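Student: Just dropping this structure here.
The values are calculated or read from the model by the stated rules, or taken from the named source; none is laboratory data. All of these numbers come straight from a predicted model, not from anything done at the bench. Cβ placement follows ideal geometry from the backbone for every residue including glycine, while neighbour counts extend to all protein chains displayed. Remember, those area values only see protein heavy atoms, side chains included, never the ligands or the DNA or RNA. Shrake-Rupley method; radii C 1.70, N 1.55, O 1.52, S 1.80 Å.
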Amino acid sequence: MRYDSITQTIGNTPLVRIDPRVHGLRHIDLYGKLEMFNPFGSVKDRAAWNMVRPELDGAVRAGSQIVELSSGNTAKALSVLAGMHGLSFKSVTNRMRVPEIKDLLLLLGAEIEELPGRSECLDPTDTDDPLTLFHRTLSEPGSAYLHTDQYFNDRNTQAHALGTGPEIVKDLDGRVPDWFVACVGTAGSSTGVARALREHDPRVRVVGLVAHKSDFIPGIRTIDEVHEVGLFDPATYDTMESVTADEAIDGMLTLARRCGILAGPTGGAAYFGTVRHLRELDAELTDGDKRRTAVFIVCDRIESYLSYVKQRRPEAVGLAPRKNSLSDVPDAEIAAVTALSAPEAQEWIAREQPLVIDLRSPSAYAALHIEHAINIVDELFAELIRGGLPFSKRKPLLLACPVGDRSARYAALLTRMGHTDARSLAGGIIAWRDAGAPLGRD
């Protein structure tokens with residue numbers, strides 16, 4: 001095959017049957033749509049090209065800079081496309097959590113601007129968040145940027161309604177799968193594919209997968225975050241289910257080691273969530289029933305996530321098993337944590353003078369924080385306690401994070417490790433701010 005441009009190779013990715021001896025489903029044929037085969041390495045290549053293409057000529061004439069609120073695959077694809085057309089690209093984010101992606105963006109010539117925001121995802125209702133404020137400036141008339149706006153741009157969804165979805169039907173010889181399962185990030189791929197499949201057969205069941213509450217899986221929102229995404233419509237999905245980071249890695253390792261599919265954690269989450277969802281349904285089918293079909297999306301490749309795996313599953317890369325990990329703490333122990341409201345925390349600080357630890361990023365801490373709190377960013381705190389309690393177990397501790405979920409997990413873990421009084425700030429720094437409690441700035 002010969003092409004005039006690399007952009008002509010976007011799409012038409014393979015649909016590969018997963019070996020039933022691996023997934024164990026007896027009456028359901030399971031297929032992975034391998035979006036990792038797109039030229040820049042992910043499902044986002046389709047949306048990035050479809051969003052930016054109509055605006056390119058004007059941007060070249062004006063010398064505009066392409067900008068997107070992204071810290072992952074959309075930024076990577078747009079960075080390549082910008083360079084191909086003699087334009088620069090800026091990635092704007094509250095926090096870039098995967099170091100390999102950051103290094104790759106810099107290698108591709110991208111400019112990265114990390115804002116001191118409080119949330120991982122754009123939240124239009126949080127009018128004080130720097131990411132929200134930046135998003136508004138991009139939408140103003142006369143902006144010097146070409147803003148692709150992946151969270152609200154319908155061309156993100158369209159790329160999959162006209163591309164990914166019809167490709168699945170074509171590769172299944174005109175049939176629509178009985179189930180379509182996709183992880184939800186911007187909601188563009190899941191919404192677009194679901195729209196295309198339902199136009200052929202409205203009986204298809206659509207399963208949306210999100211990250212387990214407070215868990216981090218690159219490219220997937222938690223159930224709380226996903227409601228902040230402009231393209232997300234709960235009516236798209238027949239059911240929403242969560243996947244943990246450990247389950248995503250389990251799925252990723254199965255695809256890599258048993259199926260020869262070198263998928264990243266999003267693809268691993270999609271595989272794990274799909275098999276888990278279908279297992280009970282498969283058991284209800286008999287040999288006399290018509291065989292069923294399910295399709296899930298494999299978003300990207302494994303190579304960019306080695307540090308992510310190493311941090312959460314060190315034994316997978318030959319290192320000593322982790323100790324004192326958040327994932328080892330059951331929900332019951334988290335629920336038993338003492339979570340203080342902002343007024344209760346103020347009173348406790350005044351009376352007991354606990355050590356207050358802010359788990360957010362340095363830029364978020366610099367923007368506003370509880371006075372006298374010390375800043376130990378989430379990942380560094382995880383490393384600290386992996387070696388044991390870093391403080392006296394009798395020193396009262398108050399842990400604070402953006403919304404109170406990570407702090408509760410850490411408080412539960414410290415309690416399990418023998419700390420006698422570790423508490424969490426309920427609702428996090430956002431609740432503290434909303435209560436009008438005093439804040440410091442650097």
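Student: Just one of Thr293, Thr286 is more than 16 Å from the chain's Cα centre (by Cα), modelled with pLDDT of 95 or more and under 23 Å from Arg205 (Cβ atoms); which is it?
Tutor: Selected residue: Thr293, the only one of Thr293, Thr286 that is more than 16 Å from the chain's Cα centre (by Cα), modelled with pLDDT of 95 or more and under 23 Å from Arg205 (Cβ atoms).
Student: Kindly indicate which of Leu380, Leu384, Leu389 is over 23 Å from the mean Cα position of the chain (by Cα), open to solvent by 10 Å² or more (accessible area, probe 1.4 Å) and without any contact (Cβ under 8 Å) to a residue 24 or more places away in the chain.
Tutor: Matching residue, one of Leu380, Leu384, Leu389: Leu384.
Student: Then there is this: With the condition kept exactly as written, say whether any residue in the range 261-276 is modelled with pLDDT of 90 or more, of a type in the set (Gly, Ala, Ser), crowded, with 20+ Cβ neighbours inside 10 Å and in a loop (DSSP other than H, G, I, E, B).
Tutor: Yes, the range 261-276 contains at least one residue that is modelled with pLDDT of 90 or more, of a type in the set (Gly, Ala, Ser), crowded, with 20+ Cβ neighbours inside 10 Å and in a loop (DSSP other than H, G, I, E, B).
Student: Still on this structure: Collect the residues in the range 110-138 that are at pLDDT below 70, open to solvent by 50 Å² or more (accessible area, probe 1.4 Å) and over 16 Å from Glu228 (Cβ atoms), keeping them in residue-number order.
Tutor: none
Here is a yes/no grid of residues against (1) of a type in the set (Ser, Thr, Tyr); (2) touching a His at 6+ places or on another chain (Cβ under 6 Å); (3) over 27 Å from Glu113 (Cα atoms):
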| residue | (1), (2), (3) |
| --- | --- |
| Ile334 | no, no, yes |
| Glu344 | no, no, yes |
| Glu371 | no, no, no |
| Glu379 | no, no, no |
| Ile385 | no, no, yes |
| Lys393 | no, yes, yes |
| Pro402 | no, no, no |
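Student: Name the residues in the range 164-212 that are open to solvent by 10 Å² or more (accessible area, probe 1.4 Å), farther than 21 Å from Pro265 by Cα and part of a loop (DSSP other than H, G, I, E, B), would you?
Tutor: Asp173, Gly174, Arg175, Val176, Asp178, Asp201, Pro202, Arg203 - these are the residues of the range 164-212 that are open to solvent by 10 Å² or more (accessible area, probe 1.4 Å), farther than 21 Å from Pro265 by Cα and part of a loop (DSSP other than H, G, I, E, B).
Student: Tell me which residues, restricted to the range 392-442, are part of a loop (DSSP other than H, G, I, E, B), farther than 15 Å from Ala339 by Cβ and either touching a residue at least 12 places away in the same chain (Cβ under 8 Å) or in contact with a Pro (Cβ under 8 Å, 6 or more places away or on another chain) (or both).
Tutor: Hits for the range 392-442 are Lys393, Arg394, Lys395, Met417, Gly418, His419, Thr420, Ala437, Pro438, Leu439, Arg441, Asp442.
Student: Return the total of residues in the range 59-82 being in contact with a strand residue (DSSP E or B) (Cβ under 9 Å, 6 or more places away or on another chain) and open to solvent by 50 Å² or more (accessible area, probe 1.4 Å).
Tutor: 1
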